[in-house]
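Please read the structure below before turning to the comments.
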Amino acid sequence: MKLRIARLPGDGIGPEVVEQAVKAVDAVCASFGHEAEYAHGFVGACAIDRYGDPLPEETLRLCMDSAAVLFADVGDPKYDNNPTAKVRPEQGLLAMRKKLGLYANLRPVETFKSLVHKSPLKEHLVDGADFLCVRELTGGMYFGEKGRRDDGDTAYDTNLYHRYEIERILRLSYDYARRRRKHLTVVDKANVLESSRLWRQIAQEMAPQYPDVTTDYMYVDNAAMKLVTGPKFFDVMVTENTFGDILTDEASCVSGSMGLLASE
């Protein structure tokens, strides 16, 4: 099989990462009789510098016309340290997720005997940890209405979720839980946030459809603590966009570092 892959190195160390990733993809293709054909695209800060747009139409078309997208990262200190910038590299990543319909981020967390010493956590806490974080990726505050009021001293971000967005990510999470140890943890902040109460309500409605899966619920602050004090508790964890962004980065310390944490 011949596959066309959009190659988006992005910024910073992205080109170095993609160069090694291409070697891995080519090795897999060679083993299974496939052939990968790569097409380069610009996204992030390099795309702003070149086109004035973090996700140029040309790059989006390339992604739409490819079998897969090999993406590294975006970002640049000149934007990180400028909170008033109107155009930012990360806008390209968010637009790509939304326009390609990439609503689920799957982050498996697993420890390996040969690397368990790389974790900053005690070995007895992480040895044997194996769980999957499912992060909703195209809703919530990252995509809700946001802005600053005319006084310049007031800002807001809207954590907006629709039922269909919650149902589809929960359905996917239950499917993965069924393939694993049949335990799903729904992470929210339902004691404070209305959006989280909708998440918990819908999860409670759907749970009876999966009687073979144990469903439990955990506030995000408790989940953050549990990740570093008892990560072996988790099998599949599902949560909304913002919480998922933070928790999955924290979860990397179980494996050792962000560089050892896989994502798809």
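The values are calculated or read from the model by the stated rules, or taken from the named source; none is laboratory data. Note that the coordinates shown come from a computational prediction; the quantities given were computed from them, not determined experimentally. Cβ atoms come from the backbone with ideal geometry, glycine included; neighbour counts cover every protein chain shown. These area figures cover heavy atoms from the full protein model, side chains too; ligands, DNA and RNA do not enter into them. Shrake-Rupley method; radii C 1.70, N 1.55, O 1.52, S 1.80 Å.
On the stretch given as the range 75-125, residues that are of a type in the set (Ser, Thr, Tyr) and either surrounded by 16 or more Cβ atoms within 10 Å (Cβ to Cβ) or modelled with pLDDT of 90 or more (or both) total 4. Spot the failing condition for Leu198; the list is (1) part of a helix (DSSP H, G or I); (2) closer than 16 Å to Ala129 by Cβ; (3) at pLDDT 95 or above, and only one is missed. Result: Leu198 passes all but (2). One residue stands out in the range 44-57 among those that are without any contact (Cβ under 8 Å) to a residue 40 or more places away in the chain and under 24 Å from the mean Cα position of the chain (by Cα): the one that is least open to solvent (accessible area, probe 1.4 Å), namely Pro56. Of the residues Ala223, Ala203, Ala207, the single one that is assigned to a helix (DSSP H, G or I), without any contact (Cβ under 8 Å) to a residue 40 or more places away in the chain, closer than 15 Å to Cys133 by Cβ and of a type in the set (Gly, Ala, Ser) is Ala223.
Here the range 126-164 is the region considered, the condition is being surrounded by fewer than 18 Cβ atoms within 10 Å (Cβ to Cβ) and of a type in the set (Lys, Arg), and the residue that is farthest from Lys232 (Cα to Cα) is Arg149.
Of the residues in the range 29-43, at least one is touching a Gly at 6+ places or on another chain (Cβ under 8 Å) and either outside any helix (DSSP H, G or I) or touching a residue at least 40 places away in the same chain (Cβ under 8 Å) (or both). Consider Asp11 carefully, then state whether it is surrounded by 14 or more Cβ atoms within 10 Å (Cβ to Cβ), more than 14 Å from Met96 (Cα to Cα), in contact with a helix residue (DSSP H, G or I) (Cβ under 6 Å, 6 or more places away or on another chain) and not hydrophobic (A, V, I, L, M, F, W, C). So Asp11 fits the description; yes. Screening the candidates Phe32, Phe42, Phe71 for the property of being in contact with a Leu (Cβ under 6 Å, 6 or more places away or on another chain) and farther than 27 Å from Arg149 by Cβ yields one hit, Phe71.
Scan the range 74-131 for residues that are in a loop (DSSP other than H, G, I, E, B), under 30 Å from Arg181 (Cβ atoms) and in contact with a strand residue (DSSP E or B) (Cβ under 8 Å, 6 or more places away or on another chain) and the total you get is 3.
Please specify each residue of the range 14-43 satisfying the condition of being open to solvent by 70 Å² or more (accessible area, probe 1.4 Å), under 11 Å from Ala72 (Cβ atoms) and over 19 Å from the mean Cα position of the chain (by Cα). If the condition is that a residue be open to solvent by 70 Å² or more (accessible area, probe 1.4 Å), under 11 Å from Ala72 (Cβ atoms) and over 19 Å from the mean Cα position of the chain (by Cα), then Glu16, Glu19, Gln20 are the ones that fit.
Filtered by the rule that a residue be over 15 Å from Asn241 (Cα atoms) and in a helix (DSSP H, G or I), the range 173-193 gives Tyr174, Asp175, Tyr176, Ala177, Arg178, Arg179.
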